[in-house]
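Participant: This is the structure, below, for whatever I ask next.
The values are calculated or read from the model by the stated rules, or taken from the named source; none is laboratory data. Computed from a predicted structure; not experimentally measured. Glycine also receives a Cβ, built like all others from the backbone with ideal geometry; neighbour counts cover every protein chain displayed. Remember, those area values only see protein heavy atoms, side chains included, never the ligands or the DNA or RNA. Shrake-Rupley method; radii C 1.70, N 1.55, O 1.52, S 1.80 Å.
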Amino acid sequence: PFQFPPPSFENKKARLPPEVNRILYVRNLPFKITSEELYDIFGKYGAVYQIRLGDRSRDTRGTAFVVYEDIYDAKAAVDHLSGFNVGGRYLIVLYYQPAKFQRRIDAEEKKKELEELRRQVKAKKAAIAASEQKGGTDV
């Protein structure tokens, strides 16, 4: 007699949304959390290939990248750990989207470029003002 496949088999064949990824970006982590603690939390949903914890001293603290070996395990982790309370903080678990991160980096670079141009304009205006006070007009 014909038997239906077990439910887990059906889940593996389901089409995933395009943003689903093996790489997760985790925010709002307690600053003192260790990689070992993250392996314990995220390892419950499948084999973790790698965890990269943000720098404690920089603006990346409280963030991590978690890379799963299997995309379905990553999906299970996002589904179950988004909003999970760790050390009094609620985790924000997202799929890593390289294009979004690149846009953020580009925006930060443009901001720095703009600040540098503003500084140059300010210096030029100060030089012109100083020159005019001396009575000269060439800059």
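Participant: Out of all the residues in the stretch 66-98, which are touching a residue at least 60 places away in the same chain (Cβ under 8 Å) and part of a helix (DSSP H, G or I)?
Facilitator: To start, the set of residues in the stretch 66-98 that are touching a residue at least 60 places away in the same chain (Cβ under 8 Å) comprises 72, 89-97.
Within the stretch 66-98, 72 is the sole residue that qualifies.
Participant: Let me ask another. State which residue is surrounded by the most Cβ atoms within 10 Å (Cβ to Cβ) when the search covers only the stretch 54-72 and only residues that are at pLDDT 90 or above and either over 20 Å from residue 20 (Cβ atoms) or touching a strand residue (DSSP E or B) at 6+ places or on another chain (Cβ under 8 Å) (or both). Spell out the reasoning first.
Facilitator: Of the residues in the stretch 54-72, the ones at pLDDT 90 or above are 62-72.
Applying the additional criterion that residues be either over 20 Å from residue 20 (Cβ atoms) or touching a strand residue (DSSP E or B) at 6+ places or on another chain (Cβ under 8 Å) (or both) yields 62-69.
Numbers: 62: 18, 63: 16, 64: 21, 65: 15, 66: 27, 67: 16, 68: 24, 69: 12.
By that ranking, first place goes to 66.
Participant: Would you mind telling me which numbered condition in (1) open to solvent by 80 Å² or more (accessible area, probe 1.4 Å); (2) touching a strand residue (DSSP E or B) at 6+ places or on another chain (Cβ under 6 Å); (3) among the small types (Gly, Ala, Ser) residue 35 fails?
Facilitator: It fails just one condition, (1).
Participant: Would the stretch 126-139 turn up any residue that is among the small types (Gly, Ala, Ser) and closer than 23 Å to residue 17 by Cβ? Explain how you work it out, then say what you get.
Facilitator: Of the stretch 126-139, the ones among the small types (Gly, Ala, Ser) are 126-127, 129-131, 135-136.
When the remaining residues are screened for being closer than 23 Å to residue 17 by Cβ, the result is none.
Among the residues of the stretch 126-139, not one is among the small types (Gly, Ala, Ser) and closer than 23 Å to residue 17 by Cβ, which makes the answer no.
Participant: When the residues of the stretch 1-32 are narrowed to those that are outside any strand (DSSP E or B) and surrounded by 16 or more Cβ atoms within 10 Å (Cβ to Cβ), which ends up modelled with the highest pLDDT?
Facilitator: At the first step, the residues of the stretch 1-32 found to be outside any strand (DSSP E or B) are 1-22, 28-32.
From the residues that got through so far, the ones that are surrounded by 16 or more Cβ atoms within 10 Å (Cβ to Cβ) too are 21-22, 29.
Details: 21: 87, 22: 91, 29: 94.
Among those that are outside any strand (DSSP E or B) and surrounded by 16 or more Cβ atoms within 10 Å (Cβ to Cβ), it is 29.
Participant: Among the residues of the stretch 80-139, what is the count of those that are closer than 22 Å to residue 29 by Cβ, modelled with pLDDT under 90 and either open to solvent by 100 Å² or more (accessible area, probe 1.4 Å) or more than 35 Å from the chain's Cα centre (by Cα) (or both)?
Facilitator: 2
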